[in-house]
Structure formats: C-alpha cells, structure tokens
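**Q** One structure, pasted below without further comment.
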Amino acid sequence: MQEQEDEVVLYEASEGIATITMNRPEYHNAQNSRMTYALDRCFQRAVNDDEVKVILLRGGGKHFSAGHDIGTPGRDIDRTFERASLWYDHVGKPGGEMLYAREQEVYLGMCRRWRDLPKPTIAVVQGACVAGGLMLAWVCDLIVASEDAFFSDPVVRMGIPGVEYFAHPFEMAPRIAKEFLFLGERMPAARAYDVGMVNRVVARDRLDAESRELATRVARMPRVGLMLSKQAINHAEDLGGKRSAMDAAFAWHHFAHTHNELVSGNKLGGYDAKSMAKSQRQDG
C-alpha cells in the first residue's frame, strides 16, 4: 500500500521492502526542505518497521533528482521546520551563520544519518542525478542505474568545491574525482559503473524490476548480518578519512558561499536552477 508523506515523498512497504519515492517530478525532484524532512521521516519509518529488511530510494518521473532546490516556487530556505538534530534554527541568523546552521542539519547531518541507518539501502537512479542528487544516491549502500542515467556535480561553476556530503574521492579514484569536479560534466551510467560508483546498469524499462529483484535477494539475508556488514564497511571508510574529509570540505564549501556573497552579493555565484541546467546541456 502506497501512502503520502507530505505529498512530496511517497512511501510503500511490502514483502520486506520499503520503497521511498521522491515526488516532485515537475521540478525533476529538486530537494527543498519540505522534501528533505519528509525523506527523513520515511527513512525513520522504514527503520522502525521490523518487517522491512531493505529500503529502495527512487525518484518519480523522468529524473532521479536534479539536486537541491535553488529556484522552484517551492523553495523554502527561509522557513522553519521541526529539526531532526540538535542544531538550532537557521532562520533569522546573520551572515554565514544562517546557511551554515541550515546545511549542517538538512544536508550534511541528514545524509550522514541516512548513510548510517542499520538497514541496506539501494538507490534506483534514472535520468539526472546532479549535485544534491548525488548526495542521496551516495548515502545508499548500492546504486542501480538505468542506461540513460547520468551523474554530475557542476557546483565548481559557482566557485564551490563540490556538494556538502563530500564523498567524491571515496566514490571514485582521486584523479577521476578531480576530473569530475574540474569539468562538471555529465558522467554516463556506463562510466559510473566502470569507476565503481554504480553496482549495476540496466535498461530503463527494467530499472524498477531489476532493483526490486536485487532488494529481494538482499532481504533473504539475516537482519543482524546485514546490519553488522554495513557497519563494518562504513567504519572502514571512516578509518580511511571519509568523515574527517567531509568536515574539512564542508568548511571550505561555506567559505566559498561567503566569498561569493562578498564578491557578488550572491551565495551561489549568480547561478539559479535554469542557468545551471543550461550549463549542463551545453556540456553534454
């Protein structure tokens, strides 16, 4: 049975698999705060349900996610939400404090929490997986992509060193990560598979079926074994510097926002959703 979570996210659970679907297809599933908090509630719901063994994360419509909402009518950066962590409300805070507090909560904090939840997660990616979309795919344990999927982090155009959940050198080799950022171009699903970012590439019309079949096979394993295996590998990544690297990159990310505002009066270097999408089409 499928249920709505604030309409922008759909939740369904059956046969041991929870399916969480981003539901802003008219905006290519751009993530505003409303969607982010709804995703958090759905992940919590799946964790709390003892019948759920595996979680699928997907995007409704043509694209998985075009990234963070930087220009739709539903952009809600100045709205207060009931927070999921102990960070204080960002609304009304001066200077760089506002954005720093907000992104500690809704971007870095939530992504880290979702990455560490104790059940296996599988991202089901079609079309665009751009910037903030990468963050949602990268927190998942496995990624299944359609043949037409593409991945990119174009925010260097804004003078910003990658998205807040900075996993680039852990998702691909360092030189590939540099190329990925320096060019900001679209990486096709086939190359994402070659560099180790993606587990499987399948035909678009088989994406949902293949992803669910994979989830069904994973769900046959004992819950505690899955949980401990996930913890062990995440711990190995953190011993390799993943968490501390993100902390440093997050600070540089916010230096870039502040630099942009001092130089141009715009935290995003003058880009909005349309101009960023246009730059991607010109590259691809």
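**Q** Could you run through the stretch 196-215 and say how many residues are outside any strand (DSSP E or B), buried (at least 16 other Cβ atoms within 10 Å of the Cβ) and either at pLDDT below 95 or aliphatic (A, V, I, L, M) (or both)?
**A** 5
**Q** Report, by residue number, each residue of the stretch 142-178 that is out of contact with any His (no Cβ under 9 Å at 6 or more places or on another chain), crowded, with 18+ Cβ neighbours inside 10 Å and under 17 Å from K267 (Cα atoms).
**A** If the condition is that a residue be out of contact with any His (no Cβ under 9 Å at 6 or more places or on another chain), crowded, with 18+ Cβ neighbours inside 10 Å and under 17 Å from K267 (Cα atoms), then P154 is the only one that fits.
**Q** May I ask you to list the residues in the stretch 63-91 that are without any contact (Cβ under 8 Å) to a residue 60 or more places away in the chain, over 11 Å from V106 (Cβ atoms) and among the aromatic types (F, W, Y)?
**A** Y88
**Q** For residues that are in contact with a Cys (Cβ under 7 Å, 6 or more places away or on another chain) and part of a strand (DSSP E or B), scanning just the stretch 49-90, find the one that is nearest to A123 (Cα to Cα). Let's see the steps before the verdict.
**A** Filtering the stretch 49-90 down to residues in contact with a Cys (Cβ under 7 Å, 6 or more places away or on another chain) leaves 57, 64-65.
Now narrow it down to the ones that are part of a strand (DSSP E or B): 57, 65.
Values: L57: 5, S65: 11 Å.
In this case the residue turns out to be L57.
**Q** Restricting attention to the stretch 63-77, which residues are touching a helix residue (DSSP H, G or I) at 6+ places or on another chain (Cβ under 6 Å) and surrounded by fewer than 24 Cβ atoms within 10 Å (Cβ to Cβ)? Break it down into steps so the answer makes sense when it comes.
**A** Residues of the stretch 63-77 touching a helix residue (DSSP H, G or I) at 6+ places or on another chain (Cβ under 6 Å): 64-65, 67-68, 70-72, 76.
If the condition is that a residue be touching a helix residue (DSSP H, G or I) at 6+ places or on another chain (Cβ under 6 Å) and surrounded by fewer than 24 Cβ atoms within 10 Å (Cβ to Cβ), then I70, G71, T72, D76 are the ones that fit.
**Q** Also, quick follow-up: Filter the stretch 30-49 for residues that are out of contact with any Ser or Thr (no Cβ under 9 Å at 6 or more places or on another chain), more than 22 Å from D208 (Cβ to Cβ) and free of Cβ contacts under 8 Å to residues at least 60 places away in the same chain and give the result.
**A** R34, R41, Q44, N48
**Q** Quick one: how many residues across the stretch 72-86 are more than 19 Å from R24 (Cα to Cα) and among the aliphatic types (A, V, I, L, M)?
**A** 2
**Q** In addition: Taking the criterion of being closer than 30 Å to Q104 by Cα, modelled with pLDDT under 95, in a loop (DSSP other than H, G, I, E, B) and not hydrophobic (A, V, I, L, M, F, W, C), would at least one residue in the stretch 233-248 satisfy it?
**A** No, the stretch 233-248 has no match at all.
**Q** What residue, among those in the stretch 140-194 that are of a type in the set (D, E) and without any contact (Cβ under 8 Å) to a residue 12 or more places away in the chain, is farthest from L207 (Cα to Cα)?
**A** E179
The values are calculated or read from the model by the stated rules, or taken from the named source; none is laboratory data. Note that the structure is predicted; figures quoted are calculated from it, not measured. So basically every Cβ, Gly included, is an ideal-geometry build from the backbone, and we count neighbours across all protein chains shown.
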